[in-house]
Structures are given as C-alpha cells and as structure tokens.
1. Roughly how many Å is it from the Cα centre of the stretch 111-171 to that of the stretch 1-59, as a whole number?
2. Ignoring any ligand, DNA or RNA, what whole percent of the accessible area of the chain comes from carbon and sulfur when the probe is 1.4 angstrom?
3. Pull up all non-local amide H partners of F108: gap of 5 or more, or a different chain, and H-to-H distance under 5 Å with H placed in the peptide plane.
4. Determine the principal axes of the Cα atoms in the stretch 1-122, then give the extent along each, sorted from largest to smallest and rounded to whole angstroms.
5. Quick one: what Rg and Dmax do you get for the stretch 1-67 from the alpha carbons, in Å?
6. Taking amide H positions as placed 1.01 Å from N in the peptide plane, with prolines and chain starts having none, which residues 5 or more places from S205, or on another chain, fall under 5 Å of its amide H?
7. Could you work out the local net charge near Q42, counting Lys and Arg as +1, Asp and Glu as -1, over the other residues with Cβ closer than 10 Å to its Cβ?
8. Between R118 and H193, what length in nm is gained on full extension when 0.36 nm per residue of separation is reduced by their alpha carbon distance?
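The values are calculated or read from the model by the stated rules, or taken from the named source; none is laboratory data. Bear in mind the structure is a predicted one, so any value in this text is a computation, not a measurement. Cβ sites come from the backbone with ideal geometry, for glycine too, and all protein chains shown count toward neighbours. Just the protein is used for accessible areas: all its heavy atoms, side chains included, with ligands, DNA and RNA removed. Shrake-Rupley method; radii C 1.70, N 1.55, O 1.52, S 1.80 Å.
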Amino acid sequence: MRVVIAGGHGKIALLLERLLTERGDQAVGLVRNPAQVADVQQAGAEAAVYDLEAASADDVAVLLSGADAVVFAAGAGAGSGAPRKDSVDRAASVLMADAAERAGVRRFVQVSAMGAGRPPRPGSDEVWAAYITAKTAAEADLRARDLDWTILRPGGLTDDPATGKIRLASPPIPRGTVPRADVAAVIAALLDHPDTRHQTLELVSGDSPVAAAMQSIS
Ligand SMILES: NC(=O)c1ccc[n+]([C@@H]2O[C@H](COP(=O)([O-])OP(=O)(O)OC[C@H]3O[C@@H](n4cnc5c(N)ncnc54)[C@H](OP(=O)(O)O)[C@@H]3O)[C@@H](O)[C@H]2O)c1
C-alpha cells in the first residue's frame with residue numbers, strides 16, 4: 001500500500017512511517033521544510049516537499065496519483081496562533097481532500113482531536129477555540145465528500161512508549177490521553193480496515209488490544 005502522509009515530519013507521522021515501512025508498505029511523508037527530508041527518509045519513507053499553506057490541490061494531486069491512501073496528520077502545532085489553526089488544521093486538510101478527489105484516491109484518514117464536533121466551550125482560550133473550530137470544520141468538509149474517510153479523534157497526546165491497549169469508539173467517550181505511538185498503530189490498522197470508512201472515532205488509552213478494538217468497530 002502506498003500511503004501519503006501530510007505533516008510527514010510530525011511526531012505521529014514519523015512513528016507511522018516506521019510502522020508502515022516495517023510491514024512492507026510504502027510511506028510518503030510531505031514536509032514543508034527541506035531540512036526534514038533526511039529524518040523522513042530515516043523513518044523509511046519517501047519525502048516530498050510541499051508547503052500545504054501554499055501548494056495547490058492540482059500540485060498535490062500529482063503526488064497522490066497512484067497512492068492507495070492519504071493520512072492527514074499535519075497541524076499548526078503548539079505555539080501557533082488562531083490564523084494558522086485555520087490555514088493548517090482546516091485548510092490543509094481541505095486541500096489534501098481536494099487533491100485526493102482529483103487523483104482518485106478514495107481512502108482518507110484524518111487525524112482530528114477530541115473536543116471537535118461541537119462548539120468550543122464559552123470562555124475557552126481564543127487559540128483553543130480556533131483550533132477546535134478548525135478541526136470541526138475540517139471534519140465537516142471531509143464528511144461531505146465522496147471519499148472513504150475515517151476521522152480519528154485522539155485525546156491528549158503523550159510521547160510515552162506504545163502500550164498497544166486502547167479505547168476506540170464512536171463519540172462520546174470520556175476524555176483521556178494516549179501515546180502518539182498508539183495513535184500511529186491505530187492509523188496503520190485503520191488503513192488495513194477500509195470497512196471503517198464513514199466513521200468518526202475517538203481514541204484514548206484503554207484495555208483493548210488494537211486488533212480487538214478494530215474488530216469491535218469494523
Ligand atoms: N497535542 C495534542 O494533545 C493533540 C491531541 C489530539 C490531536 N492532535 C492532533 O494530532 C495531529 C498530529 O499531532 P503531532 O503531535 O504528530 O503533530 P506535530 O508533531 O506538531 O506535527 C505536525 C506537522 O504538521 C506540519 N505542518 C505544519 N504546517 C504545515 C504546512 N504548512 N505544510 C506542511 N506541513 C505542515 C509540521 O511541520 P513543521 O515542522 O514544518 O511545522 C509538523 O511536522 C495534529 O493534527 C494535532 O492537532 C493533537
């Protein structure tokens with residue numbers, strides 16, 4: 001399987017690139033900074049340089065041609081302000097979905113976040129509100145498309161080692177945290193289960209092995 005990952009130098013993306021490579025899939029990591037190419041290659045993936053706040057859908061569609069799946073794992077990240085929540089967390093996902101449609105790539109896994117899907121709580125920090133608004137809009141955009149999408153909303157991310165034990169279910173589930181390594185494993189499993197299309201799933205650490213959790217939602 002050839003999988004193109006937006007946000008290819010992100011923490012989840014690098015873990016996912018390693019997992020996909022180890023199991024014999026072909027990962028392609030999109031980065032905006034050429035200095036990150038070597039790290040992506042080190043993870044076993046091909047790298048392609050695209051700034052998703054500047055590229056056109058036609059440009060990205062050329063890269064997606066022949067791919068089997070797209071994973072949107074980009075994000076403006078901590079320290080960014082409200083405008084970049086919109087230009088990355090929303091608009092770059094829309095761009096990738098446009099490009100996927102143009103290239104005929106049906107499978108699309110979007111990394112969203114718990115908290116998306118409803119308006120930010122009154123009194124929320126302005127940047128948090130912009131983030132949740134952007135993620136909610138990116139989800140809505142994807143749901144409206146004729147693509148085999150799956151929306152994955154992890155809880156708070158940690159850099160702890162993988163536990164392999166998760167709680168994965170339709171919202172709402174109680175808030176919690178989850179290691180990025182487990183998120184990467186769940187994305188890899190979702191790519192193997194196209195029958196999870198058209199589902200929105202929340203993910204935190206839990207008791208179920210990934211394979212069992214996948215069975216329960218497939
Ligand atoms: N933090 C949390 O607790 C939490 C919880 C739930 C969900 N999430 C979501 O999970 C996803 C992945 O998380 P993560 O920790 O792996 O993220 P991360 O390490 O911050 O990676 C995000 C990647 O997106 C890239 N990016 C930003 N702007 C870009 C652009 N214009 N063009 C191309 N790439 C661009 C960044 O590249 P640069 O290095 O060039 O900036 C970075 O490599 C994000 O969507 C995040 O919102 C986070």
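1. When both Cα centres are located, 21 Å separates them.
2. 51
3. V70, D148, W149, T150
4. 47, 28, 25
5. Computed over the Cα atoms of the stretch 1-67, radius of gyration and Dmax are 11.1, 33 Å.
6. Long-range HN contacts for S205: R167, T177, V178.
7. Residues near Q42 contribute -1 overall.
8. This chain segment gains 24.3 nm when fully extended.
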